[in-house]
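What follows is a short report on a single structure.
The values are calculated or read from the model by the stated rules, or taken from the named source; none is laboratory data. Given the structure is predicted, the values throughout are model-derived calculations rather than measurements. Every residue, glycine as well, gets a Cβ built from its backbone with ideal geometry; the counts of neighbours run over all protein chains shown. What goes into the accessible areas is simple: the full protein's heavy atoms, side chains included, and nothing from ligands, DNA or RNA. Shrake-Rupley method; radii C 1.70, N 1.55, O 1.52, S 1.80 Å.
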Amino acid sequence: MTRRRAARLRPVAAAMLLLALGPASALACDSPPAPVFDIDANRYYTDARSSVIDPVLKARNEAAVKPVNDYLEAVARSADDWQRKRDPQDARCALGWLEAWAKQGALLGKMSTNQSWYTRKWTLGGLALSYARVQAAASPEQRKAIEAWLRALAEPTIAHADAHKGVRNNHYYWEGLAITAVGAVTGEARYLAWGRKVFDHAMGQVQPDGSLPHEMARAAKALHYHLYAAAPLVLMASILDIQHPHLDRLVRFGAENVANPAAIERMAGVAQERPSRMPGWVAIYDRHATQPVSTVPPPANNWDARMGGDRSLPNPLEHPRRG
């Protein structure tokens with residue numbers, strides 16, 4: 001029996017523990033914010049290659065999506081704390097916030113722009129991954145409401161992705177992660193199969209040298225977007241328990257060019273915005289891959305709410321080969 005399946009046999013006991021503690025245990029948790037239904041985000045790149053950011057447009061977009069991002073951040077923090085410390089208040093808080101937005105159909109309104117769709121799929125992935133951390137503590141009523149909501153968000157995400165059959169770049173991969181995570185927490189085989197289809201498509205795009213053509217087209221941000229594109233693929237591979245040599249090539253291409261960007265600068269034809277180190281998702285890769293790529297520990301602050309919180313704390317959906 002896998003670790004994930006074993007964990008799913010314990011939800012009733014965990015939920016009974018929370019109920020036994022009574023309402024007083026919820027006092028440390030703020031009330032959930034008013035739900036957001038529509039998202040009106042805006043594009044902030046100013047050039048055709050999406051490599052130059054307009055700071056005014058960027059600030060406008062951040063303000064527009066702040067309520068959604070703040071909600072995801074709070075849910076992820078509480079869920080992460082529950083997995084780490086098993087304080088019932090944390091599980092009650094995360095599940096209470098998820099249930100509140102679920103029962104009101106949050107995020108199911110109008111997506112006015114492509115950027116709005118991007119925001120929702122990032123949020124869906126983060127919420128499903130955070131829910132995975134506290135799912136064992138959910139009551140049957142909470143599971144029913146939350147999982148129905150995640151499914152309701154997954155359906156238009158799939159429809160939108162399938163309808164836009166042009167460039168299949170990192171956005172498609174992040175959609176794949178969101179649907180894979182929903183499939184894993186709901187047991188919906190159709191979602192897992194769709195996620196696997198996205199993963200396989202991405203692997204077909206990886207070149208013999210490990211590069212991705214669509215991300216190479218991002219001028220000075222080519223390295224950044226190779227690393228950004230690899231993030232959801234690495235987590236999908238662990239959730240689906242896939243070992244793939246093309247993913248290994250992509251990750252090593254990123255690592256080699258973080259250490260020395262000469263190759264990618266030659267290929268992109270422009271100097272790169274160079275990160276100081278590999279992104280924290282490498283901890284997920286190293287836990288699952290047959291050959292870890294890191295020679296140093298992950299960053300002390302390894303947080304990304306869109307990937308379920310602390311990437312140094314294995315998500316229950318992962319299939320780690322090492323601790």
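Taken over the stretch 230-247, residues that are of a type in the set (S, T, N, Q) and in contact with a Ser or Thr (Cβ under 8 Å, 6 or more places away or on another chain) amount to 1. Among the residues of the stretch 164-190, those identified as basic (Lys, Arg) and either touching a Lys or Arg at 6+ places or on another chain (Cβ under 7 Å) or outside any helix (DSSP H, G or I) (or both) are Lys165, Arg168. The residue pairs whose first member lies in the stretch 149-169 and is in contact (Cβ under 8 Å) with a residue 60 or more places away in the chain and more than 30 Å from Trp97 (Cβ to Cβ), whose second member is open to solvent by 40 Å² or more (accessible area, probe 1.4 Å) and not in a helix (DSSP H, G or I), and whose beta carbons are closer than 9 Å, counting only pairs six or more residues apart or on different chains, are Asn169/Ala217. Inside the stretch 79-114, residues that are farther than 18 Å from Ala145 by Cα, assigned to a helix (DSSP H, G or I) and open to solvent by 20 Å² or more (accessible area, probe 1.4 Å) make up a count of 8. Only a single criterion out of (1) more than 21 Å from the chain's Cα centre (by Cα); (2) crowded, with 20+ Cβ neighbours inside 10 Å; (3) assigned to a helix (DSSP H, G or I) is not satisfied by Gln272, namely (3).
Would you check if there is a residue in the stretch 43-50 being out of contact with any His (no Cβ under 8 Å at 6 or more places or on another chain), at pLDDT below 50 and loosely packed, with under 15 Cβ neighbours inside 10 Å? Outline the logic, then answer.
Our first condition is that a residue be out of contact with any His (no Cβ under 8 Å at 6 or more places or on another chain); within the stretch 43-50, this holds for 43-50.
Then keep just the ones that are at pLDDT below 50; that gives none.
There is no residue in the stretch 43-50 that is out of contact with any His (no Cβ under 8 Å at 6 or more places or on another chain), at pLDDT below 50 and loosely packed, with under 15 Cβ neighbours inside 10 Å.
Each residue in the stretch 125-156 was checked for being β-branched (Val, Ile, Thr) and over 14 Å from Thr186 (Cβ atoms), and 1 pass. From the list Ala152, Ala161, the one residue that fits, being outside any loop (DSSP other than H, G, I, E, B), touching a Lys or Arg at 6+ places or on another chain (Cβ under 9 Å) and either surrounded by fewer than 16 Cβ atoms within 10 Å (Cβ to Cβ) or of a type in the set (A, V, I, L, M, F, W, C) (or both), is Ala161. Has the stretch 118-127 got at least one residue that is open to solvent by 30 Å² or more (accessible area, probe 1.4 Å) and among the basic types (Lys, Arg)? Checked against the condition, which is being open to solvent by 30 Å² or more (accessible area, probe 1.4 Å) and among the basic types (Lys, Arg), the stretch 118-127 yields no hits at all. Reported count of residues in the stretch 201-248, each being within 18 Å of the chain's Cα centre (by Cα) and either in a helix (DSSP H, G or I) or among the aliphatic types (A, V, I, L, M) (or both), is 20.
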